[in-house]
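In what follows, a single structure is set out as structure tokens and then discussed.
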Amino acid sequence: MTEHLLRAIIMTLCASTISGNCPAGEWSGNVAAEWTGFNKDPLSGEQHRSYPSVSAEPEYYHEWDDGKRTFLFRPFARLDKNDSRRTHADIRELNFSMIENEWELTTGIGKVFWGITESQHLVDIVNQTDLVEDTDGEDKLGQPMLNLALIPDVGTLDLFVLPGFRTRTFPGKHGRPRFALKIRDQNDPKYESGAKEKHVDLAARWYQMLGNWEIAVSHFRGTSRAPTFKLTGGGPTSPPELVPLYNQINQTGLEVQGVFGAWLWKLEAIRNAGFDNKNYKAATGGFEYTYVLKSGFELGALLEYSWDDRGRDANTQFQSDVLVGTRLTFNDVQSTQVLAGVLIDTGGAGRSYNIEAERRIGDSWKASLEARGVFHVSPDDFMYQFRRDNLIRIDLARYF
């Protein structure tokens with residue numbers, strides 16, 4: 001989809017939202033203006049200090065037959081001034097659902113989220129990460145799927161058939177933050193499977209509440225959403241580049257969450273087989289304690305530890321890291337919230353921080369702020385390539 005078409009879509013959606021022409025009761029969503037700024041000059045002269053953009057995420061929802069049949073359509077589009085790769089559009093959800101007493105069937109394009117911890121979402125594997133939207137891994141591309149949910153007396157069993165693989169999005173050469181090396185062939189990556197992007201993946205997840213505990217066990221078999229990278233080039237006339245490779249994997253996941261008064265205990269763990277014919281295990285666990293003041297203000301303390309048995313060979317920053325954070329909930333009419341944390345590498349290689357805040361303005365607006373960056377990072381750390389990319393992001397959204 002061209003930049004001109006994206007601009008036309010966003011302008012039309014903005015105009016219809018502000019003028020109130022959206023059909024009442026069926027259309028909802030938001031349009032937003034966003035600004036991302038960096039406090040240091042980039043490592044590359046192709047990058048910028050400031051990145052303004054606008055986005056639109058409308059949603060059409062319809063149900064009938066006493067709510068037993070539903071239709072959902074949720075597209076997304078962004079227009080970014082400086083990063084052409086971040087100017088993109090996607091269908092996040094486009095599906096039809098049949099809902100009965102002991103089963104639900106959904107077919108089309110959908111979004112599924114698995115996970116409970118704050119540091120990272122190890123078990124979340126159904127949808128591909130939309131990395132040009134944000135580096136926190138929480139923005140996802142729509143995934144073609146057939147989902148059958150069985151609802152017996154003991155928990156819920158979700159079964160998935162996932163035809164059609166979505167490659168991960170990466171910022172372009174003008175984007176920021178991005179990898180220090182160029183990622184080659186983003187539109188023509190390498191696959192372990194001969195079926196390439198047509199490989200049909202399978203997944204299942206069982207979820208159950210047992211007293212104060214919530215437990216989920218999942219399994220995924222198919223194309224890994226996270227690529228490995230092969231280094232190529234490096235000659236006098238060809239600088240080194242990274243080529244994404246999507247392996248075939250089997251991943252078993254476990255989620256455990258316990259609520260005991262003001263304490264919330266969390267654990268995510270996986271066992272993964274398939275990357276370079278090797279198996280590895282990883283886990284993230286910890287707690288969140290919430291103290292409620294007489295005024296209704298809630299102050300939470302978070303502590304999580306992330307471990308990966310691959311150590312420095314892991315393609316992630318979470319090898320042996322501790323998250324220390326706090327969550328502030330004001331419980332006011334504006335729904336003001338602040339989440340802040342510092343991730344500490346226990347090997348001494350570096351620190352990273354993340355601050356997220358949001359507040360409603362009136363009935364239709366919401367302001368959000370993010371601050372993210374690294375400090376005290378050694379040259380041998382994965383995050384060293386982002387040492388000049390500490391950012392502040394401000395987003396103002398109009399909901400309808």
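Just so you know, all these numbers are worked out from the coordinates, no wet-lab data involved. The shown structure was predicted, so the numbers you read here are calculated from the model rather than taken from an experiment. Cβ atoms come from the backbone with ideal geometry, glycine included; neighbour counts cover every protein chain shown.
Structure summary
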read-out: At 1.002 mPa s and 20 °C, Stokes diffusion of segment 144-270 via Kirkwood alpha-carbon radius, µm² per second; value: 121
read-out: Extension gain (nm, one decimal) between Lys182 and Leu150, 0.36 nm per residue minus Cα-Cα; value: 7.1 nm
read-out: Lys, Arg +1 and Asp, Glu -1 on Cβ, resulting dipole of the chain about Cα centre, debye, nearest 20; value: 1200
read-out: Segment 112-130 and segment 174-240: distance between their alpha carbon centers, rounded to Å; value: 13
read-out: Those residues of segment 50-89 whose amide nitrogen sits under 16 Å from the label point placed on Ile394, 7 Å along Cα→Cβ; value: 50-54
read-out: Rounded, prolate or oblate (a/c below 1.5 giving rounded, otherwise prolate when a/b exceeds b/c) for segment 224-371 by Cα gyration tensor; value: prolate
read-out: Partner lysines for Lys278 [C-alpha distance under 20 Å; skip if fewer than 8 residues away on the same chain]; value: Lys190, Lys230
read-out: Share of Cα-Cα pairs in segment 58-194 lying beyond 24 Å, as whole percent; value: 43
read-out: Most positive-pole-ward Cα, Gln337, Gly348, Ser306, against dipole of segment 299-400 from beta carbon charges; value: Gln337
read-out: Extended-chain gain in nm, criterion 0.36 nm per residue less alpha-carbon gap, Tyr60 and Leu245; value: 63.0 nm
read-out: Pair Tyr291, Arg312: separation of 7 Å Cα→Cβ label points (nm); value: 4.0
read-out: Interchain or long-range residues, amide H under 5 Å from Arg184's placed H; value: Leu242, Val243
read-out: Integer Hz, Karplus 6.51/-1.76/1.60 couplings in order for segment 85-93, x for Gly and Pro; value: 6, 7, 7, 7, 9, 7, 8, 5, 8
read-out: Amide N proximity, segment 165-190 versus Arg49 label position 7 Å along Cα-to-Cβ, cut-off under 20 Å; value: 174-178
read-out: Estimated vicinal HN-Hα couplings, Hz - segment 262-275 in sequence order (Karplus 6.51, -1.76, 1.60; Gly, Pro = x); value: 7, 9, 10, 9, 9, 8, 10, 9, 9, 10, 10, 10, x, 6
read-out: Alpha carbon centroid spacing (whole Å) that separates segment 267-323 from segment 324-391; value: 16
read-out: Helix-only CD estimate at 222 nm, as mean residue ellipticity for the chain, using -39500 (n - 2.57) per DSSP H run (n ≥ 4); value: -1500 deg cm²/dmol
read-out: Spatially proximal lysines relative to Lys140 (Cα-Cα < 18 Å; intrachain offsets below 8 disregarded); value: Lys111
read-out: Under-5 Å amide H pairs with Trp103, H placed in peptide plane, nonlocal only; value: Ile151
read-out: Separation of the Ala371 and Lys190 label points, Cα + 7 Å toward Cβ, nm; value: 4.2
read-out: Estimated dipole of segment 275-400 in Debye, rounded to 20 [Cβ of Lys and Arg +1, of Asp and Glu -1, Cα centre]; value: 300
read-out: Residue-wise HN-Hα coupling along segment 314-326, computed from phi with Karplus coefficients 6.51, -1.76, 1.60 (Hz; x: Gly, Pro); value: 6, 8, 8, 7, 9, 9, 7, 10, 10, 9, 10, x, 9
read-out: Positive-end residue of Leu231, Leu72, Phe287, charge dipole of the chain with Cβ unit charges; value: Leu231
read-out: Compactness of segment 239-323 - radius of gyration and Dmax, Cα, Å; value: 17.9, 61
